[in-house]
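Each value in this text was obtained by applying a stated rule to the coordinates, not by laboratory testing. Here the structure is a predicted model, which means the values were calculated and not measured. Don't worry about glycine lacking a Cβ; one is built from the backbone with ideal geometry, like all the others, and counts go over all protein chains shown.
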Amino acid sequence: MIRAEAGDLLDWYDVHAREMPWRVGPSARRDGIRPDPYRVWLSEVMLQQTTVAAVRDYFHRFTARWPTVADLAAAADEDVMGEWAGLGYYARARNLLKCARAVVADHGGVFPATREGLLSLPGIGPYTASAISAIAYDLPETVVDGNVERVMARLHDLHVPLPTAKPELTEMAARLTPDARPGDYAQAVMDLGATICTPKSPACGICPWRDPCVARSNGTAPELPKKLPKKPKPIRLGIAYVGRRADGAFLLQRRPDKGLLGGMLGWPGSDWAETVPQDTPPVAAQWRDAGAEARHTFTHFHLRLAIRVADLPMGAEPDTGEFLGPDRFRPSDLPTVMRKAFDLARASFKDGF
Ligand code: SF4
């Protein structure tokens, strides 16, 4: 029964596998082409908390600029953080660099070919280790992301809510994982969840698992997986100061490595708290309110960032941050919330720049 299910899914995958820039498709695999563990690792780190559509361009840019793990290991931190800007969850970018450097320093530039070896690397947790093991090295590891959880819950008509159901869903997924073609199988289940067994309207009529699927026959598929209600996120308030000098340089500040947006470029500003922040600009000037807030949602809170702007004199000596001219500052290097603040601040400068 289990083997039949895996076989049916692999048959479906052979025809319907999604094309992705990091993927070696089923026919290329049959021709003996192996995936590059560097590209698999990079894509898996980028895909955490992010969609395939959002990742594609970043993946192309990273692999064009740093084609191998050794190239990435030798990159400057700020270049990598700049290329990562906009993808979010910036600890991933810092760990990406640490991991690339560890692969080069400790493993001769080759990713370990075992799950345990992969787990010893910075930033590689159980999920990523399983994904690289299965996809890059064709080891029979079980890979469980949100898509796989949804498919398993429906296939078995499991009504225990997430996250409580996670261990049970993982066990169900493990029982189905075949020894043959485990890498293709892992990607096939994810593709099934992303294209057929979608959250709101699963296309059961064309699903390779429509016969064994219990939720389909019980008519419960669209309501699964159940989820425990989430706590509402608190709102935090802050102020960002967008200062521009007469020569066009902006006053920017690299955030500390630890903490939210760690290592990223940003605007000097207040702490972000649930109380109204104190207005303490980084340098004395005629600061004016931009008249709009940058709003952004992080994992644990919503942020409302007031924006102050000022034209700064050439001799301005700020308490924090440094002036970066157009040769050293690209707005695309900013993380999303700082980019939103920049875009809103623009209209408040007379020359619009
Ligand atoms: S039959 Fe429907 S609910 Fe079941 S796995 Fe396929 S798409 Fe999902």
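Quick one: angle between helix 182-195 and the longest Cα principal axis of the chain, in degrees between 0 and 90, rounded to 10, please.
Result, in degrees: 70.
Which ³J(HN,Hα) values, rounded to whole Hz and listed in residue order, are derived for region 243-251 from phi using the Karplus coefficients 6.51, -1.76 and 1.60 in 6.51 cos²θ - 1.76 cosθ + 1.60 with θ = phi - 60°, glycine and proline given as x?
Rounded to whole hertz, the list is x, 10, 7, 4, 8, x, 6, 9, 8.
Below 8 Å, C-alpha to C-alpha, sequence gap of six or more: please give me the relative contact order for the chain in percent. Let's see the in-between values first.
Values: 583 pairs, mean separation 56.4, N = 353.
Relative contact order for the chain comes out at 16 percent.
Is there a quick way to get the dipole size of the chain? I mean about its Cα centre, with the Cβ of Lys and Arg at +1 and of Asp and Glu at -1; what is the value in debye to the nearest 20?
In debye, rounded to 20, the chain gives about 740.
Between residue 351 and residue 68, how high is the FRET efficiency from 1/(1 + (r/R0)^6) when r is the Cβ-Cβ distance and R₀ = 35 Å? Nearest 0.05.
Values: r = 44 Å, r/R0 = 1.25.
Once the sixth-power term is evaluated, E becomes 0.20.
Sort 302-309, 127-134 by the packing proxy (mean of other Cβ within 10 Å over each peptide's residues), most packed first. It would help to have the intermediate numbers written out before the result.
Numbers: 302-309: 20.2, 127-134: 23.8.
For the peptides 302-309, 127-134, the packing ranking is 127-134, 302-309.
Measure nothing fancy, just the Cα-based angle from helix 37-47's long axis to the longest principal axis of the chain, in degrees from 0 to 90, nearest 10.
Compared with the principal axis, the helix lies near 70 degrees.
Can you compute the FRET efficiency between residue 54 and residue 160 using 1/(1 + (r/R0)^6), with r the Cβ-Cβ distance and R0 = 41 Å? Round to the nearest 0.05.
Details: r = 30 Å, r/R0 = 0.74.
Given R0 = 41 Å and the Cβ-Cβ separation, E is 0.85.
Got a sec to turn the phi values of region 204-210 into Karplus ³J(HN,Hα) couplings, 6.51 cos²θ - 1.76 cosθ + 1.60 with θ = phi - 60°, whole Hz, x for Gly and Pro?
Computed from phi, the couplings for region 204-210 are 4, x, 10, 8, x, 9, 5 Hz.
When the Cα centres of region 152-202 and region 298-345 are compared, how far apart do they sit, in Å?
With region 152-202 and region 298-345 each reduced to a Cα centre, they are spaced 43 Å.
With axes computed from alpha carbons, what is the tilt in degrees of helix 91-107 against the longest principal axis of the chain, rounded to the nearest 10 within 0 to 90?
Value to nearest ten degrees: 70.
Using a 10 Å cut-off on Cβ atoms, rank the peptides 264-274, 220-230 from the highest mean neighbour count down.
264-274, 220-230
Where does the charge balance sit around residue 3 when Lys and Arg score +1, Asp and Glu -1, over other residues with C-beta under 15 Å from its C-beta?
Net charge in that neighbourhood comes out at -4.
Which whole-Hz couplings ³J(HN,Hα) result when phi for each residue of region 336-346 is put into the Karplus expression 6.51 cos²θ - 1.76 cosθ + 1.60, θ = phi - 60°, listed in order with x for Gly and Pro?
3, 5, 6, 5, 4, 4, 4, 4, 6, 5, 3
Below 8 Å, C-alpha to C-alpha, sequence gap of six or more: please give me the relative contact order for region 96-141 in percent.
On the way: 36 pairs, mean separation 14.0, N = 46.
This gives 30 percent for region 96-141.
Charges on Cβ only, +1 for Lys and Arg, -1 for Asp and Glu, centred on the Cα centroid of region 165-208; of 182, 207, 170, which one is farthest towards the dipole's positive end?
Result: 207.
Please enumerate, by chain and number, the aspartates and glutamates with C-alpha under 20 Å from the C-alpha of residue 227, excluding those fewer than 8 residues away in the same chain.
Hits, sequence-local ones excluded: 145, 149, 157, 168, 171.
Where does the charge balance sit around residue 234 when Lys and Arg score +1, Asp and Glu -1, over other residues with C-beta under 12 Å from its C-beta? Kindly include the intermediate steps, with their values, before the conclusion.
On the way: positive: 231, 233, 236, 304; negative: 274.
With Lys, Arg at +1 and Asp, Glu at -1, the net is +3.
Using the structure shown, select from 200/230; 98/340; 166/231; 166/200 the pairs with a Cα to Cα distance greater than 22 angstrom. Intermediate values should be presented prior to the final figure.
Values: 200/230 19 Å; 98/340 29 Å; 166/231 19 Å; 166/200 20 Å.
Result: 98/340 exceed 22 Å.
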